[in-house]
1. Has segment 149-160 got at least one residue that is more than 16 Å from the ligand (Cβ to nearest atom), closer than 21 Å to Q256 by Cα and either in contact with a Ser or Thr (Cβ under 9 Å, 6 or more places away or on another chain) or touching a residue at least 40 places away in the same chain (Cβ under 8 Å) (or both)?
2. Within the set of pairs 6+ apart or on separate chains, which have a first residue in segment 325-342 that is within 16 Å of V81 (Cβ to Cβ) and open to solvent by less than 40 Å² (accessible area, probe 1.4 Å), a second that is modelled with pLDDT of 95 or more and among the polar types (S, T, N, Q), and C-beta atoms under 7 Å apart?
3. Determine if segment 310-324 includes at least one residue that is of a type outside the set (D, E, K, R), within 16 Å of the ligand (Cβ to nearest atom), open to solvent by less than 60 Å² (accessible area, probe 1.4 Å) and not in a helix (DSSP H, G or I).
4. Are any residues in segment 269-309 over 18 Å from Y133 (Cα atoms) and open to solvent by 70 Å² or more (accessible area, probe 1.4 Å), and if so, which ones?
5. Those residues that are closer than 25 Å to A284 by Cβ and not aliphatic (A, V, I, L, M), I need them from segment 81-110; list them, please.
6. Can you tell me which residues in segment 3-14 are of a type outside the set (D, E, K, R) and out of contact with any helix residue (DSSP H, G or I) (no Cβ under 8 Å at 6 or more places or on another chain)?
7. Out of (1) of a type outside the set (V, I, T); (2) surrounded by fewer than 24 Cβ atoms within 10 Å (Cβ to Cβ); (3) farther than 18 Å from K255 by Cβ, the odd one out for P184 is which?
8. Step by step: first the residues of segment 89-110, then only those that are open to solvent by less than 10 Å² (accessible area, probe 1.4 Å) and in a loop (DSSP other than H, G, I, E, B), then the one that is nearest to the ligand (Cβ to nearest atom). Which residue is that?
Amino acid sequence: MATDPDFIPYGRQSIDEADIAAVVEVLRSDYLTTGPMIGAFESAVAAYTGAAHGVAVNSGTAALHAALSALNLQPGDEVVVPAITFAASANAVLYVGATPVFADVEPDTLLLDVADAERCIGARTRAIIAVDYAGHPCDYGRLRQLADKHALALIADGCHALGARWHDRPVGSLADMTAFSFHPVKHLTTGEGGMVVTDDETLARAMRRFRSHGIDIDAAQRLASGTFRYEMTELGYNYRLTDLQCALGRSQLSKQSAWLTRRQAIARTYDEAFARVPGVTPLAVRAQVSHAYHLYVVRLDKQSPSLNRDTAFQTLRKARIGVNVHYLPVYLHPYYQQLGYAAGLCPCAEAAYEEIISLPMYPTLADDQVQRVIREVGNLGARHG
Ligand SMILES: *Cc1c(COP(=O)(O)O)cnc(C)c1O
């Protein structure tokens with residue numbers, strides 16, 4: 001998109017001179033990839049998220065693929081996935097030859113409905129993927145109970161939720177494995193990138209092999225131990241993140257807690273303003289949760305002509321507000337329809353999809369821009385009824 005100073009996107013990255021200097025330093029060093037920045041970034045993210053191990057990969061999608069691969073699923077095995085998420089959460093299940101089973105979401109938070117997830121569990125179910133939609137952590141107390149009761153792995157898709165906390169425990173310490181994304185619209189960026197964090201050393205080792213062809217010793221380790229010998233023990237991929245990217249990520253991470261505070265302040269301003277706008281309802285936030293606000297999502301009352309989501313989308317875009325919609329229920333995508341998933345599967349998700357819109361949310365969003373968004377959304381509401 002051509003630069004338009006009045007256009008406010010729904011999300012964007014923040015890069016400063018320290019970030020640039022960190023990348024340049026790696027460019028002048030010996031290792032552009034598979035060097036010391038990988039472990040440094042992994043340790044920093046693991047510490048921040050309360051996990052013992054981090055495994056850096058080159059996208060959030062690769063992180064989900066690595067996590068599922070570490071479970072050694074068989075064709076016919078099933079994984080429960082919420083209907084409202086980015087397609088990658090379910091695609092990763094298909095990558096390993098297993099079958100996604102879509103559970104409905106709670107109407108007020110759009111988080112995985114734990115009771116519906118239980119209804120989806122059968123003899124072939126092996127795992128649950130909990131998506132911390134918009135940055136709100138799922139109900140990990142009930143999810144852990146459910147997973148334990150049925151001997152399932154609990155994977156968190158935390159791509160929206162870096163820095164979020166549930167009962168004062170960070171996302172990253174609440175599931176068996178947690179996937180993060182470092183795409184530019186997410187909390188911190190490496191251009192493209194991702195990471196899985198876990199407390200389980202065996203899973204971490206399996207994912208390190210998986211990201212590098214299924215080989216269990218990397219070039220730097222071979223150099224250090226004076227050997228040319230390596231063995232490929234399983235089929236892996238090249239999903240490695242570079243040192244350039246890890247240096248950027250590590251520099252970005254040092255700003256994350258200030259950024260999170262700013263996101264939460266913007267959300268409070270939006271919440272207070274929209275409490276006075278009939279027909280505009282922000283998603284609910286549960287008690288004992290610290291929300292990371294990757295997205296700020298409101299539901300627009302479908303009954304009002306001016307609040308019809310598609311009309312509101314057009315009106316706001318014309319006002320240079322970069323609203324977006326997250327997401328079409330995954331199984332309604334043509335590819336999933338071809339696989340045989342029928343419309344009507346998750347009624348709450350389908351109803352929510354007709355009414356949701358994501359408003360601009362990123363740390364460098366200025367107060368006057370926040371007020372502009374509030375004014376334009378308020379204008380929609382004024383025509384309500
Ligand atoms: C962004 C995202 C992903 C995928 O991350 P990439 O880094 O873009 O591959 C997966 N799941 C969710 C919920 C996401 O938002």
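The values are calculated or read from the model by the stated rules, or taken from the named source; none is laboratory data. Computed from a prediction, not measured in an experiment: that's the story for all the values here. Here the Cβ positions follow ideal geometry from the backbone for every residue, glycine too, while neighbour counts run over all protein chains shown. We work out accessible area using only protein heavy atoms, side chains counted, and drop any ligands, DNA or RNA first. Shrake-Rupley method; radii C 1.70, N 1.55, O 1.52, S 1.80 Å.
1. no
2. Once the first residue is within 16 Å of V81 (Cβ to Cβ) and open to solvent by less than 40 Å² (accessible area, probe 1.4 Å) and sits in segment 325-342, its partners that are modelled with pLDDT of 95 or more and among the polar types (S, T, N, Q) give H326/S358; Y327/T85; V330/T85.
3. Yes.
4. Of everything in segment 269-309, those that are over 18 Å from Y133 (Cα atoms) and open to solvent by 70 Å² or more (accessible area, probe 1.4 Å) turn out to be E272, A275, R276, P278, K302, Q303, P305.
5. P82, T85, F86, S89, F102, D104, E106, P107, D108, T109
6. T3, P5, F7, P9, Y10, G11, Q13, listed by residue number.
7. In the conditions (1) of a type outside the set (V, I, T); (2) surrounded by fewer than 24 Cβ atoms within 10 Å (Cβ to Cβ); (3) farther than 18 Å from K255 by Cβ, P184 misses (3) alone.
8. L110
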